[in-house]
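Right, one structure below, let's go through it.
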Amino acid sequence: MSLPDFQCTIEDNRGILIAIHPLQCGRNVAPSSLWTSIIDAVSYYQQLCFENTPREVHFRYQTRQSVKLERTDLQVFRRVFGLICIAVADPTVDQDTQKRDLLDSYAKYLTQYEQSVLESRCLVFRSEDGSKPVPAANGKHTVDGASHSTHKAGKPAEHIQFSNGFTDKGRLSELLLNVRPVQKSASENNLNKPPVSPASPTFAKTYIEIVLNEFLLKTVSEVMEEYLLALFSHLEQKRPPTAPEKHEKDWKGSNPSLDKMDHSRKEGFKFELGSSAQKKRKLGWMRKTYAEWLLLAGLSYPACQHFAQAVDTLQSVKDFLQLGTALEGWAAASWCVLPAADPQLALKLTAMDDSKRRIILTKAKAASLNGYLVNGFNMNLLEQSKDRKSCLLSDAIYDKLRQAAAHYSSMELGQFEMEVSLKSARLFIFLGDKILGHKGLRQAIFVKMNNLPANSSEGIDRFLTVASVYEGIGFHRQAALFRLLAADRYVGPNISPSDFLRAYELTMMSLPSYDLALSNRTTNGRGWPELQAQVMLKLATTCRAQPEVYKRILLIILERFVEVLSSGEKEDLIRTLNELMSQSGPPKGEVLTSTPGLKLAVITLTKIPFVHEFFVLPLPVHLQPLQRPKLARGISGPFLYTPIKSASSLAAAALTADEANFMWVAKEPCAISLHLTNFLPRELKVDNLTIVTENTPFEAAKASMVLPALTNHYLPVLINGIPLEAGTLSILGYSYQVFGMENRCLLSELSHLSGRSIPKAVRVAPSLPQLKVETSLPLCDKIVEFEEPVVTTANILLYNGQRGKCTVRLSNIGKELVESLSVLVSCADEQLAERCISFDSTKLASALPIKPGAIAEVELDIWAAMSFLVKPEDPAGGPQSFQFIVRIDYSGGPGLLKDFYRLLSVAFFVEVLPSVMIRECSILADDDSEHFFLVVDFENRTDEEIEVFYPPEKKMLIIGKDRARVPALTGKIPVKPDATLQEQVRDRMAQDVQLTWKFVDKDARGHCWIGDLMWKDHEIDVVSLPPVLAKFRKDKMYLGLGCSVQVGEYFNLDVELTNRFSSPLRGGLKVDLEFREESHERNSITATSLSVHSPTVGLIGGTFDHVLDFEADQKRLLTYQIVMFVPGVFHLDVVLIYAKRRHKIGNACVITATTAKSHT
């Protein structure tokens, strides 16, 4: 059985088949492009059209080397009616010998097709500079007595468009003229061969030589036009002129016998020749054959009618084989007339029509060609009825083709079933009905063909044909599947020889359908990874003939599908890759071009190893550079607001967004941390792991490591480097070497890291000095949370009130001078830090500058001045603690010029044990107006004896857990006239009152801090001195205890006021005079306050009230004229009114008023 034509279409049923065969001339080896161009020129004309009629005769050309002739009796369109043999002459071979060889080969093909060929030609293309035949008298050229037709060169032909892209007539002529045959040696030219007799005239008359010159295309066109007209004329003679039932005798002797037409093998018997069923069967076959001849002749409407009648006849006798061919022919004939009933289809076909490939047959030309015909053309056939009742529509066409395929399948004719299924699929794909096209193609997939091995070339063509049809439907995944099946037939353990290149090409063509692209470095993320991995594994098996491509494909598989591959698959890939590298070296890091011209992009192994995290590490806290804010310069001119942002501002904002919130320092080590994972079942050696940067010189170190196999956790790896200059360092990614190939992994191309906040740039500060800090105290071994990161810690244990020392040593371990240094103490309680921590800043300043390798020291004085009061909520008074941080700010070198500095923070934890506690404290006035008594009740909270020292130079021993009261004589406290009297008294008392303690048996002493005592108003009046000192003068003499005056006489009294403070007193101090009169009642002396406007005391020329302000240490003098109206003893006090308080200042002046008599 013949092999199926996988390129068949329903158009083939109406096409007259012409076979084209190339012939070899000597040793002349013409390029394939030349043969393709010649074949395109020969097969240019596709249609023969009759003028002013819809009749069209179609030609189809077949260029197979051998055409099988089985089953040509079933369908007329399968017969080879035309034969064209083409050859390119070899000028180095004798023309006569060459001609005889060509005619012999030509005769073999004529013998092969003798039962069906109606017209044949042998076209020999000869170069113009070769030997030319001698013209004969009758217009024929004669060579060795043999007559043959020769077409002379005429005018250039019209423009012809070839299917393979040769659209220029000159291009083809140039290609044909540039053919250079293989030169033979002299010995080969002089071989003594036996003479070959000339070919018979029957063959020689169709032998045509065509000269390769500028008129080549016109010559070929003329030859083919004449040939096609002659072929059609012979076909018209061969075609039965009428229906079989009318002239049955016309069918005898020119068609196969009835025995050859009996294909009903499943019936199990034969009809008798003279039976009515056999006659009906014969009639159906002849009607079907007659319809096929009509279809080839371009008479589609009559063909539809006869096919319909043949179907009814054959169906009645159950001749399923002939019924299938009749159904197929009916569908093909209906398709030919379908455009007349479907305007849209007619418009679509008109747009695709190429009128230049037609031969228009006019009546005049037909009359001139009657010499070739016996009866001439039957023009009446052009006017046959166009009854469309027998013409099928598209849905009916599909049904008939499906029924035909079913009948072929029942007769086990896989060739016919396959072809009709492909015709159905291509037809409905063209019509736009993809569902019906898919159904037809699905039927072709499951056709059973026992004579077609899957590994044969025809079996491979079957898969490729299905793939191309699926591609036309738009089912790209199914098309890729059949391409892969075809590729599997080219390689395999049982296939010899294997065609790896062809299999590789087909597999590469299927990759886009699976969303796989090897020309791009990255994937689009679509598709099923498991399926894609299997396709890539198939591709790897096809590229063994290309070592570099093989290695590249293996790396791509490992890179893209390492997560979905099994351990065994990974193991095989790694083993194969190592074997290839041992044979041909490491993979190349360049774009590869494979054999079919497909390019493979450079692969970057981002998953071998896989980087889970990418951290740009800041410097340690004490080494991070800081920059002092610059003072804003004064802006002159008006303020102009605009919402438009410039490109530079946007770029700066974008750069700032990608910058790290920390800085590195020039010429100092920095680091980036990577978390690596090895997905491979073998240990992975990674070499030259380093950082990829730009914009600023950077010296990156390289690391090498071996990652264990199949690590379930990540392995942190640190990559170090040193920025060499200040600026902005852009971090592009990292690079490393694995499998002998360099991989440059950029952060912008890593999709799993793109969504994370990884800084793309780091600012590099100028070089700075580097200090190392140490303390003389032990490290803090307690879990303490400090308010900021610290370099080191220190711990000290003190009793409450005890003082301790700590030496902070600063060593310059850098390369720059420390030119600027400052120390700042920070604590949550600022008053506590100010009270308890102190150091000598002058000594520190004298140590500058600190040279590299030098040491500077800072002495800290730590006073555990916690509260000594027993709190009601904590009467037991357990241990207390506090913490503070010493910040050391330093700079130097180039960084100092750019306002950069570094900050060291040292945390101190002070644990305070109880010593003595104050349970109660009170104030007692002293006889001396300048002093008072501070009565303190102490409690010894320790188990040891403690001595308490109090003024004036007294002490008291308190045994363990005992209490004692001590009176401390203390000078009064001058206060300013404002609202902070409580604070002034507390601060001054904490400063002036010296209450100290000392262990009897220990070398530990301390000072009691009483700055947190709260005083009542009357106590404040006792302990405080007014801000102004008052003295009395009379007659410019200071008065002691008093003076005597006469009643009725006025006298001048001066009051001198002095500011006790070295700072001004503002806010309005009000000074008033207050008189008191002594009276003796019941053996007691009482003082009664008098008003200055009473009948007892009088003021002349003014008031007693004065509002005064004082400068620093200023004295003010107030003069009063006073008159006493009654005798007695009066006390005069100066009252200072401030902060809503009345305060008597100084001692009272006693004025004794007497009459003149008593005075004398």
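The values are calculated or read from the model by the stated rules, or taken from the named source; none is laboratory data. Being a predicted model, the structure only gives us computed values, none of them experimental. Neighbour counts are summed over all protein chains in view; Cβ atoms, including those assigned to glycine, are modelled from backbone coordinates with ideal geometry.
Examine region 43-50 for a residue that is surrounded by fewer than 21 Cβ atoms within 10 Å (Cβ to Cβ), at pLDDT 85 or above and out of contact with any Lys or Arg (no Cβ under 8 Å at 6 or more places or on another chain), and state whether such a residue exists. Yes, because at least one residue in region 43-50 is surrounded by fewer than 21 Cβ atoms within 10 Å (Cβ to Cβ), at pLDDT 85 or above and out of contact with any Lys or Arg (no Cβ under 8 Å at 6 or more places or on another chain). Selection of strands (runs of 3 or more DSSP E) fully inside region 951-1055 by the criterion of at least 2 residues being outside the structural domain of K871 (by TED's automatic domain parsing), buried (at least 17 other Cβ atoms within 10 Å of the Cβ) and touching a residue at least 24 places away in the same chain (Cβ under 8 Å) returns 963-971, 996-999, 1005-1007, 1028-1034, 1042-1046.
Checked across region 485-497, the condition of being among the hydrophobic types (A, V, I, L, M, F, W, C), at pLDDT below 85 and closer than 14 Å to K538 by Cα holds for at least one residue.
For the structure I just gave you, tell me whether T807 is of a type in the set (V, I, T), within 23 Å of M866 (Cβ to Cβ), in the same structural domain as S867 (by TED's automatic domain parsing) and in a strand (DSSP E or B). In short, no.
Checking region 903-914 against the condition returns no match, with no residue being assigned by TED's automatic domain parsing to the domain that holds R1005, among the small types (G, A, S) and either in a strand (DSSP E or B) or closer than 15 Å to Q802 by Cα (or both).
The rows are residues; the columns are (1) modelled with pLDDT under 60; (2) part of a helix (DSSP H, G or I); (3) buried (at least 16 other Cβ atoms within 10 Å of the Cβ).
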site: A243; (1), (2), (3): no, no, yes
site: F269; (1), (2), (3): yes, no, no
site: L294; (1), (2), (3): no, yes, yes
site: Q305; (1), (2), (3): no, yes, yes
site: S316; (1), (2), (3): no, yes, no
site: Q322; (1), (2), (3): no, yes, yes
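I495 satisfies every condition listed in (1) assigned to a loop (DSSP other than H, G, I, E, B); (2) over 17 Å from L464 (Cβ atoms) except (2). The residue list V773, V823, V808 contains one member that is touching a helix residue (DSSP H, G or I) at 6+ places or on another chain (Cβ under 7 Å) and either surrounded by 14 or more Cβ atoms within 10 Å (Cβ to Cβ) or acidic (D, E) (or both), which is V823. Of the residues making up region 414-444, those that are at pLDDT below 85, more than 43 Å from the chain's Cα centre (by Cα) and among the hydrophobic types (A, V, I, L, M, F, W, C) number 1. Residues that are farther than 17 Å from Y714 by Cβ and basic (K, R) were ranked within region 588-621; the one that is modelled with the lowest pLDDT is K599. Counting only residues that are more than 24 Å from L17 (Cβ to Cβ) and crowded, with 21+ Cβ neighbours inside 10 Å, region 73-100 holds 4 of them. Applying the selection to region 874-902, what residues are among the hydrophobic types (A, V, I, L, M, F, W, C) and either over 48 Å from the mean Cα position of the chain (by Cα) or buried (at least 19 other Cβ atoms within 10 Å of the Cβ) (or both)? The answer is A876, F882, F884, I885, V886, I888, L896, F900. Only one entry in S922, S891 is among the polar types (S, T, N, Q) and either under 24 Å from R835 (Cα atoms) or in contact with a helix residue (DSSP H, G or I) (Cβ under 9 Å, 6 or more places away or on another chain) (or both), namely S922.
This table checks each residue for (1) assigned to a strand (DSSP E or B); (2) assigned by TED's automatic domain parsing to the domain that holds L810; (3) closer than 23 Å to V790 by Cβ.
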{"site": "S826", "(1), (2), (3)": "yes, yes, yes"}
{"site": "A833", "(1), (2), (3)": "no, yes, yes"}
{"site": "S838", "(1), (2), (3)": "yes, yes, yes"}
{"site": "A845", "(1), (2), (3)": "no, yes, no"}
{"site": "L848", "(1), (2), (3)": "no, yes, no"}
{"site": "V858", "(1), (2), (3)": "yes, yes, yes"}
{"site": "I862", "(1), (2), (3)": "yes, yes, yes"}
{"site": "S867", "(1), (2), (3)": "no, yes, no"}
{"site": "S881", "(1), (2), (3)": "yes, yes, yes"}
